[in-house]
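Written below as structure tokens is the structure these notes are about.
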Amino acid sequence: MELSAEYLREKLQRDLEAEHVEVEDTTPNRCAASFRVLVVSAKFEGKPLLQRHRLVNTCLAEELLHIHAFEQKTLTPEQWAREQQK
Amino acid sequence: MSGSLGRAAAAAATALLRRGRGSGSALRAPGVRAAGSGGSGSSEHLDALVKKDKVVVFLKGTPEQPQCGFSNAVVQILRLHGVRDYAAYNVLDDPQLRQGIKDYSNWPTIPQVYLNGEFVGGCDILLQMHQNGDLVEELKKLGIRSALLDETKDQDSK
């Protein structure tokens, strides 16, 4: 099991059928493996925040055991489009 | 959990406190509750903890001395909304609690926020709820009036 930003990005994209994924390795700011992710997926539609985050957590369940700090932002394609227009 | 395991955990927690970790002594500060001893990571114990108070947070550190940026963010958001009376449990003082709450919530990280006995999420979620107005609504359901609703009023009434 690898713990690189690229690995996480691919896994999230695949498992959540994501339209867009960004993974930032924030490890330099913390004491151990840390990441910030942005996931845009239609799978989030109609789901409250907690459920969306749990989808991401489940996808990365194995990796999260070895990650110290984790931030996530989950958007539907529509929310993402709106955000980009700002 | 067996009794002896509980006692060992309690002893470990007490030893940690005695070593004088600054925030450890703040356990008795207003709003901060002691997690208790013996089986502090058990689901029965945690079930009682999250239901005992309307607003319950599990932090790294204390509201007075957060030991982590994300935990601090939770403390600051609650402060912004004027939520003063809440239960805060410091997972750094109790390894059983630290692991137990992750299992109980099925959530991998700390901080963790519970409102009315229900798991709400971590710092990310609380921040988004704060930004989109949901937190004010959720607090209202608990009978807590967010200070942000009164921001423009009573600047000179104390």
Practice prompt. Would you confirm whether any residue within the stretch B:49-61 is within 14 Å of chain A (Cβ to nearest Cβ), in contact (Cβ under 8 Å) with a residue 12 or more places away in the chain, open to solvent by 10 Å² or more (accessible area, probe 1.4 Å) and not in a helix (DSSP H, G or I)?
Written response: yes
Worksheet item: For the stretch A:47-63, does any single residue satisfy the condition of being outside any helix (DSSP H, G or I), within 15 Å of B:PRO108 (Cβ to Cβ) and within 14 Å of chain B (Cβ to nearest Cβ)?
Response: yes
Item to complete: State yes or no: is A:LEU3 of a type in the set (A, V, I, L, M), open to solvent by 20 Å² or more (accessible area, probe 1.4 Å), facing chain B (nearest Cβ under 10 Å) and not in a strand (DSSP E or B)?
Response: no
Response to the item:
Those residues of the stretch A:8-34 that are assigned to a strand (DSSP E or B), surrounded by 17 or more Cβ atoms within 10 Å (Cβ to Cβ) and at pLDDT 95 or above come to a total of 2
Practice prompt. Could you pull out the residue among B:ARG98, B:ARG79 that is within 17 Å of B:LEU49 (Cα to Cα) and of a type in the set (D, E, K, R)?
Written response: B:ARG98
Practice prompt. Evaluate the following for B:VAL32: is it touching an Asp or Glu at 6+ places or on another chain (Cβ under 9 Å), open to solvent by less than 40 Å² (accessible area, probe 1.4 Å) and modelled with pLDDT of 95 or more?
Written response: no
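Mind checking which residues of the stretch A:64-86 are more than 10 Å from every other protein chain (Cβ to nearest Cβ) and under 13 Å from the mean Cα position of the chain (by Cα)?
Those that are more than 10 Å from every other protein chain (Cβ to nearest Cβ) and under 13 Å from the mean Cα position of the chain (by Cα): A:LEU75, A:THR76.
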Practice prompt. Collect the residues in the stretch A:68-85 that are among the aliphatic types (A, V, I, L, M) and either modelled with pLDDT under 95 or surrounded by fewer than 18 Cβ atoms within 10 Å (Cβ to Cβ) (or both), keeping them in residue-number order.
Written response: A:ALA69, A:ALA81
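Among the listed residues B:LEU97, B:LEU46, B:LEU142, B:LEU135, which satisfies the condition of being of a type outside the set (Ser, Thr, Tyr) and within 14 Å of chain A (Cβ to nearest Cβ)?
B:LEU135
The values are calculated or read from the model by the stated rules, or taken from the named source; none is laboratory data. Everything numeric in this text was worked out from a predicted model, so none of it was measured. Cβ: placed from backbone, ideal geometry, glycine included. Neighbour counts: every protein chain shown. Please note that ligands, DNA and RNA were not included when accessible areas were found on the heavy atoms of the full protein model with its side chains. Shrake-Rupley method; radii C 1.70, N 1.55, O 1.52, S 1.80 Å.
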